[in-house]
Structures are given as structure tokens and as C-alpha cells.
1. Specify the residue that is surrounded by the most Cβ atoms within 10 Å (Cβ to Cβ); the eligible residues are those in the range 10-41 that are closer than 25 Å to residue 125 by Cβ and of a type in the set (A, V, I, L, M).
2. Restrict the check to the range 75-92 and report whether at least one residue is touching a residue at least 60 places away in the same chain (Cβ under 8 Å) and in contact with a strand residue (DSSP E or B) (Cβ under 8 Å, 6 or more places away or on another chain).
3. Would it be correct to say that residue 44 is in contact (Cβ under 8 Å) with a residue 12 or more places away in the chain, part of a helix (DSSP H, G or I) and either farther than 21 Å from residue 121 by Cα or within 16 Å of the ligand (Cβ to nearest atom) (or both)?
4. Sort through 87, 71 and tell me the only one that's in contact with a Lys or Arg (Cβ under 8 Å, 6 or more places away or on another chain) and either among the basic types (Lys, Arg) or surrounded by 15 or more Cβ atoms within 10 Å (Cβ to Cβ) (or both).
5. Just checking, does the range 59-69 include any residue being within 16 Å of the ligand (Cβ to nearest atom), assigned to a loop (DSSP other than H, G, I, E, B) and in contact (Cβ under 8 Å) with a residue 60 or more places away in the chain?
Amino acid sequence: MIDNKYIVIPIMTGTYKDATVTILNSTFQVKNESAKSYPAPDFGSWLVEQIYDVNKFLADARGFYVFFKKKFYCPSCSTQLDPGLRKPVETVYELKFRGFDPFTIKIVFPSVGCPKCGKVCGIDMNGSPGYDVSAAILQAFETEHIKP
Ligand SMILES: [Zn+2]
């Protein structure tokens, strides 16, 4: 609790296509009785960076999308992954945004466990990697009427 302009939302969930995202105990700003916003304007870009860059949620996809079958590799050890083995897996991250209390994000997404290092790698088969997960996050925010 930083001051009374902030609120901790215990749980919110959003789903988009194959992605389901649950966010637990995250802090947001209260503007007035019906409007909430991110704890800071850059929270959205920070969250995306945490998921894809810091925690490397998605497998690396290589290859020309249109002409050849795309190949997927573990972002930790570069082992090739078999997208035919993907199944919905829940990945959980504990994140801390600046001076706010830590929160939890759970992402259920079609994934493959790396046969070499064991990292769970999300496999995004469509043309814009991460789109479904990002859309599910926005859906979760919308359930609580949170705007950037
Ligand atoms: Zn690996």
C-alpha cells in the first residue's frame, strides 16, 4: 500500500484464442470511482519486456514463414523443438514493478518442454509472435476497466 490513490486487484483473467492469462495481486492507480489506470504509463511496455525479453517466454522462431515450415528453438540452449508436441502449459512469473508490491502472472499457452534444458517454451504458430498472449492480458485489464 503506497497511498490511497492505488488499489491492489486480487485476481483478473483474460482469454484470447489459445492464450489464458491470470494476474494476481497487481497494483493499479484509481483515477475516480469508475476509472483505473496502469501504476505508471510505461507499465504495459515493461510487462511485455518482462515476459518476452527477460523471461523469454516464447521459443525462437526461424525460417521464412510463407515458403518454408517454420522451425522453433529453445531460447536458453538453442535446441530445436518439435511444435507437434505442444500442449497447453501454465507458466508462472513473479514480477515486481518498481516500488510496488510483487504480483503474479500465470500464462496458459501451447508450449513444449525443451528436451535438453527443460525450459518450457511457448510455441506461437501464427505470424505475429506473442499477439494472443498480449491480447489476453488486455482482456484481463478490460474486465477491471483498466486503461493505460
Ligand atoms: Zn533448452
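Every number in this text was worked out from the coordinates using simple rules, so none of it is lab data. Predicted model only: the values in this text are computed from it and were never measured. As a convention, Cβ positions derive from the backbone with ideal geometry for all residues, glycine included, and neighbour counts pool all protein chains shown.
1. Out of the qualifying residues, it is 21.
2. Looking through the range 75-92, at least one residue is touching a residue at least 60 places away in the same chain (Cβ under 8 Å) and in contact with a strand residue (DSSP E or B) (Cβ under 8 Å, 6 or more places away or on another chain).
3. Working: in contact (Cβ under 8 Å) with a residue 12 or more places away in the chain: yes; part of a helix (DSSP H, G or I): yes; either farther than 21 Å from residue 121 by Cα or within 16 Å of the ligand (Cβ to nearest atom) (or both): yes.
Criteria met by residue 44.
4. Working: 87 fails: in contact with a Lys or Arg (Cβ under 8 Å, 6 or more places away or on another chain).
Just one listed residue meets the conditions, 71.
5. yes
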